[in-house]
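Chemist: I have a structure here, written as structure tokens, and I will follow up with some questions on it.
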Amino acid sequence: MHRKLLYVFIYLLVGAALTAAAYVQDVYPLEQAAGFLSRAQTAGYSEEMAAYVDQALDLIPHEGNPVWIFPTQRTDFALIRNDIYAIIDRLKSLTDIPRQSAAYSQTLIDIRGKIAVITNQIYEAMPYVFFKPLNIIAAIIYLLTPIIIQRITNRIKKSHTNKSE
């Protein structure tokens with residue numbers, strides 16, 4: 001009984017490790033990017049915004065669309081990155097405009113709105129990033145492993161009982 005309990009514990013531990021590894025590799029960088037974009041929205045000046053947006057840009061994949069069934073432009077990483085490049089260019093253009101001017105304030109308000117849209121797009125893509133085909137195949141293999149092991153052990157036991165008779 002203790003042996004079976006140990007096997008179940010190891011099986012669950014492996015499952016937790018696989019899930020954590022998939023999250024850390026695929027989803028967590030996007031969570032971090034969304035966090036940097038959130039910080040950019042609350043930044044008071046264009047330089048701070050640009051620094052946060054640039055940090056987010058480093059964490060977003062260069063291309064691809066995680067939605068493999070009916071993909072849309074909202075979740076296309078290349079298009080999201082292009083939007084971020086446009087935001088960085090607009091923020092760089094603010095360096096010559098006085099911070100107290102209406103144009104400076106209005107541009108920051110507009111950029112905050114664009115950052116909010118990009119953040120929503122990243123959050124929309126996250127579930128699809130986690131449930132990509134490779135992770136689904138790994139989960140299926142993980143779930144089928146006990147069944148396969150059970151069948152193999154049953155066949156081995158059956159062959160041993162047939163030989164002893």
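Chemist: Within the stretch 95-110, can you find the residues that are at pLDDT below 90 and within 18 Å of Val53 (Cα to Cα)?
Modeler: Passing the criteria: only Thr95.
Chemist: Of everything in the stretch 112-165, what is among the basic types (Lys, Arg) and either touching a residue at least 40 places away in the same chain (Cβ under 8 Å) or under 22 Å from Arg74 (Cβ atoms) (or both)? Give them in sequence order.
Modeler: Arg112, Lys114, Lys132
Chemist: Then there's this: Identify, from the list Ala40, Ala34, Ala22, Ala16, the residue that is within 24 Å of the chain's Cα centre (by Cα), more than 20 Å from Ile84 (Cβ to Cβ), at pLDDT 90 or above and surrounded by 15 or more Cβ atoms within 10 Å (Cβ to Cβ).
Modeler: Numbers: Ala40 fails: more than 20 Å from Ile84 (Cβ to Cβ); Ala34 fails: more than 20 Å from Ile84 (Cβ to Cβ); Ala16 fails: surrounded by 15 or more Cβ atoms within 10 Å (Cβ to Cβ).
Answer to the selection: Ala22.
Chemist: In addition: Within the stretch 86-113, track down each residue that is under 19 Å from His62 (Cα atoms) and surrounded by 12 or more Cβ atoms within 10 Å (Cβ to Cβ).
Modeler: Ala86, Ile87, Ile88
Chemist: Can you name every residue in the stretch 48-70 that is of a type outside the set (Gly, Ala, Ser) and either loosely packed, with under 14 Cβ neighbours inside 10 Å or on the phi > 0 side of the Ramachandran plot (or both)? Spell out the reasoning first.
Modeler: Looking only at the stretch 48-70, we keep the residues that are of a type outside the set (Gly, Ala, Ser), and these are 48-49, 52-55, 57-63, 65-70.
Hits for the stretch 48-70 are Asp58, His62, Glu63, Trp68, Ile69, Phe70.
Chemist: Six or more apart or on different chains, Cβ atoms under 6 Å: show the pairs whose first residue is in the stretch 3-21 and more than 22 Å from Ile137 (Cα to Cα) and whose second is assigned to a helix (DSSP H, G or I).
Modeler: Close Cβ pairs (under 6 Å, with a partner that is assigned to a helix (DSSP H, G or I)) do not exist here.
The values are calculated or read from the model by the stated rules, or taken from the named source; none is laboratory data. Keep in mind that this is a model prediction, so the values were computed, not measured. In this analysis, Cβ positions are derived from the backbone assuming ideal geometry, glycine residues included, and neighbour counts consider all displayed protein chains.
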